[in-house]
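K.L.:
One structure, pasted below without further comment.
The values are calculated or read from the model by the stated rules, or taken from the named source; none is laboratory data. What you see is a predicted model; the values in this text were computed from it and never measured. Methodologically, a virtual Cβ is constructed for each residue, glycine included, from the backbone with ideal geometry; neighbour enumeration extends over all protein chains shown.
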Amino acid sequence: MAQETLLIKHADLLCTMEARPDAPYGEEITDGALFARGGVIEAVGKTADLPQTADRVIDMRGHVVIPGMVNTHHHMFQNLTRAVPAAQNAPLFGWLQTLYPIWCNIGPDHIYWSGALAMAELAMTGCTTSSDHLYLYPNGARLEDSFAAAEDIGLRFHGTRGSMSIGESKGGLPPDRLTEAEPAILADCQRLIETHHDANRYAMRRVALAPCSPFSVSMDLMRETAQMARSYGVGMHTHLAENVEDIDYSLATFGMRPGEYIEAVGWTGHDVWHAHCVQLNEGEINLFARTGTGIAHCPCSNMRWPVALRPSANVWMRGLKWGLGGWLGL
């Protein structure tokens, strides 16, 4: 069966965002057009220079056309607890400790519907690819619940198999009932990669491995996750240096700043992207730049806790300039 074709034509401006020497931010084409076949773009250019017919034709007069946006960090299940009064003005650790008991009640339907809502919102605002950091799996919830939502919405999706293994009884932040045994975590990571990861170009579904944070997993799990991810060629993701509580915990527990910790467990490189990172110091920024380690900056989240923005704006903005995109590479 022939693949469906799409023609978008007569856009006031079509921006490619593909850098070149004479156009560092991409070509800007007036009266622009785009021709795609089977969901894959075959050509962009002036409307007069592209095919004039297709199975579906959209006239874009009065509009600007840009590439789809990419969301590099999300917790879609948290859509269900957006407005819990006791959490609204708490710092990060207090916010989490308020919500953990509620999240203990989440199940498969909650993961599916919160994911469907999040992805519909993203699609309606111009996002065509999203990751999601799902790091808790109570009451039979699985990453497959998120994959089902992505398939129904039609969004290109990088699901990450998150995890928490160090609960309160072991000095971690989450309650023990939200944690999993590390052998079970690794076994499920392997299962998900082998069952669901699609490494082909234009894949709609990929898997990455994503222990939640230094304060909820062990260093051994971080190291073993990195080894597994690299043996399968999948991405690696975690939270890092989100606010001063993060720094204090790292120094007290590991005797290292986050950058030293991440380097010690093998979590730098082009296959890694970290979330937040607003507390990196100059040396850590240089480490990330030197190793090609990516960052998913989360301005709305970071602005929630003013204490997160204590480093100089110069340091934070330098990180923003080189950090966007990460492992998704889009």
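K.L.:
Mind checking which pairs have a first residue in segment 55-80 that is at positive phi and a second that is modelled with pLDDT of 95 or more and surrounded by 13 or more Cβ atoms within 10 Å (Cβ to Cβ), Cβ under 7 Å, 6 or more apart or different chains?
P.N.:
Cβ pairs passing all conditions: Gly62/Asp12.
K.L.:
Spot the failing condition for Glu28; the list is (1) modelled with pLDDT under 95; (2) within 20 Å of Arg61 (Cβ to Cβ); (3) touching an Asp or Glu at 6+ places or on another chain (Cβ under 6 Å), and only one is missed.
P.N.:
Result: Glu28 fails condition (3) only.
K.L.:
Right, here's the next one. Please tell me if Val265 is modelled with pLDDT of 95 or more and either in contact with a strand residue (DSSP E or B) (Cβ under 8 Å, 6 or more places away or on another chain) or not assigned by TED's automatic domain parsing to the domain that holds His158 (or both). Give the derivation first.
P.N.:
Details: modelled with pLDDT of 95 or more: yes; either in contact with a strand residue (DSSP E or B) (Cβ under 8 Å, 6 or more places away or on another chain) or not assigned by TED's automatic domain parsing to the domain that holds His158 (or both): no.
No; evaluated as a whole, the condition is false for this residue.
K.L.:
Based on what the data block shows, is Trp316 outside any loop (DSSP other than H, G, I, E, B) and either modelled with pLDDT under 95 or in contact with a strand residue (DSSP E or B) (Cβ under 7 Å, 6 or more places away or on another chain) (or both)?
P.N.:
Numbers: outside any loop (DSSP other than H, G, I, E, B): yes; either modelled with pLDDT under 95 or in contact with a strand residue (DSSP E or B) (Cβ under 7 Å, 6 or more places away or on another chain) (or both): yes.
Judged against the criteria, Trp316 is a match.
K.L.:
Something else about it: Does Ala86 count as more than 27 Å from Ser130 (Cβ to Cβ) and either of a type outside the set (Lys, Arg) or assigned by TED's automatic domain parsing to the domain that holds Pro299 (or both)?
P.N.:
Working: more than 27 Å from Ser130 (Cβ to Cβ): yes; either of a type outside the set (Lys, Arg) or assigned by TED's automatic domain parsing to the domain that holds Pro299 (or both): yes.
Yes, satisfied.
K.L.:
Another question, if that's okay. Tally up the residues in segment 157-202 that are in a loop (DSSP other than H, G, I, E, B), on the phi < 0 side of the Ramachandran plot and touching a residue at least 12 places away in the same chain (Cβ under 8 Å), please. Steps first, please.
P.N.:
Step one: list which residues in segment 157-202 are in a loop (DSSP other than H, G, I, E, B), which gives 164-167, 171-175, 179-181, 197-202.
Applying the additional criterion that residues be on the phi < 0 side of the Ramachandran plot yields 164-167, 172-175, 179-181, 197-201.
Narrowing further to those that are touching a residue at least 12 places away in the same chain (Cβ under 8 Å): 164-167, 172-175, 179-181, 197, 199.
Total meeting the criteria: 13.
K.L.:
Filter segment 203-229 down to the residues that are in a loop (DSSP other than H, G, I, E, B) and either of a type in the set (A, V, I, L, M, F, W, C) or exposed (fewer than 15 other Cβ atoms within 10 Å of the Cβ) (or both) and list them by number.
P.N.:
Ala203, Met204, Cys212, Phe215, Val217
K.L.:
Related question: Considering Ile193, Ile166, Ile185, which residue is touching a Ser or Thr at 6+ places or on another chain (Cβ under 7 Å), crowded, with 19+ Cβ neighbours inside 10 Å and more than 20 Å from Leu99 (Cα to Cα)?
P.N.:
One residue alone meets the criteria, Ile185.
Every residue, every condition in (1) part of a strand (DSSP E or B); (2) over 23 Å from the mean Cα position of the chain (by Cα), yes or no:
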{"site": "Thr30", "(1), (2)": "yes, yes"}
{"site": "Leu34", "(1), (2)": "yes, yes"}
{"site": "Gln52", "(1), (2)": "no, yes"}
{"site": "Trp95", "(1), (2)": "no, no"}
{"site": "Ile106", "(1), (2)": "no, no"}
{"site": "His110", "(1), (2)": "no, no"}
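K.L.:
Also: Might you let me know whether segment 40-47 holds any residue that is β-branched (Val, Ile, Thr), farther than 23 Å from Tyr202 by Cα and touching a residue at least 40 places away in the same chain (Cβ under 8 Å)? Steps first, please.
P.N.:
The first filter runs over segment 40-47 and keeps only residues β-branched (Val, Ile, Thr), leaving 40-41, 44, 47.
Going one step further and asking which of them are farther than 23 Å from Tyr202 by Cα, we end up with 47.
This time we only want the ones that are touching a residue at least 40 places away in the same chain (Cβ under 8 Å), so: none.
Within segment 40-47, none of the residues are β-branched (Val, Ile, Thr), farther than 23 Å from Tyr202 by Cα and touching a residue at least 40 places away in the same chain (Cβ under 8 Å).
K.L.:
Tally up the residues in segment 270-290 that are in a strand (DSSP E or B) and touching a helix residue (DSSP H, G or I) at 6+ places or on another chain (Cβ under 6 Å), please. Lay out the reasoning, then the answer.
P.N.:
Keep residues of segment 270-290 that are in a strand (DSSP E or B), which gives 272-276.
Retained after the next criterion (residues that are touching a helix residue (DSSP H, G or I) at 6+ places or on another chain (Cβ under 6 Å)): 273.
Residues flagged as in a strand (DSSP E or B) and touching a helix residue (DSSP H, G or I) at 6+ places or on another chain (Cβ under 6 Å) within segment 270-290 amount to 1.
K.L.:
Could you check Glu263 against (1) surrounded by 24 or more Cβ atoms within 10 Å (Cβ to Cβ); (2) farther than 17 Å from Met164 by Cβ and say which number it fails?
P.N.:
Glu263 satisfies all of (1) surrounded by 24 or more Cβ atoms within 10 Å (Cβ to Cβ); (2) farther than 17 Å from Met164 by Cβ except (1).
K.L.:
Here's something else I'd like to know. Quick check on Tyr112: is it in the same structural domain as Val278 (by TED's automatic domain parsing) and either under 23 Å from Ala208 (Cβ atoms) or among the acidic types (Asp, Glu) (or both)?
P.N.:
For Tyr112, the condition - in the same structural domain as Val278 (by TED's automatic domain parsing) and either under 23 Å from Ala208 (Cβ atoms) or among the acidic types (Asp, Glu) (or both) - is met.
K.L.:
Could you list all residues from segment 85-106 that are modelled with pLDDT under 95 and closer than 14 Å to Arg304 by Cβ?
P.N.:
Listed by number, the residues that qualify are Ala87, Gln88, Asn89, Ala90, Pro91, Leu92, Phe93, Gly94, Trp95, Leu96.
K.L.:
Among the candidates Arg201, Arg230, Arg205, Arg257, single out the residue that is more than 21 Å from the chain's Cα centre (by Cα) and basic (Lys, Arg).
P.N.:
When all the criteria are applied, what remains is Arg257.
K.L.:
State which residue pairs qualify: first residue touching a residue at least 12 places away in the same chain (Cβ under 8 Å) and under 13 Å from Leu173 (Cβ atoms) and inside segment 82-97, second residue aliphatic (A, V, I, L, M) and surrounded by fewer than 14 Cβ atoms within 10 Å (Cβ to Cβ) in any location, beta carbons under 7 Å apart, and separation of 6 or more residues or different chains.
P.N.:
Pro91/Val307
K.L.:
Something else: Restricting attention to segment 230-253, which residues are within 17 Å of Gly162 (Cα to Cα), buried (at least 17 other Cβ atoms within 10 Å of the Cβ) and among the hydroxyl-bearing types (Ser, Thr, Tyr)?
P.N.:
The one that is within 17 Å of Gly162 (Cα to Cα), buried (at least 17 other Cβ atoms within 10 Å of the Cβ) and among the hydroxyl-bearing types (Ser, Thr, Tyr): Thr238.
K.L.:
Go through (1) modelled with pLDDT under 95; (2) out of contact with any Lys or Arg (no Cβ under 8 Å at 6 or more places or on another chain) one by one and return the number of the condition His270 breaks.
P.N.:
(1)
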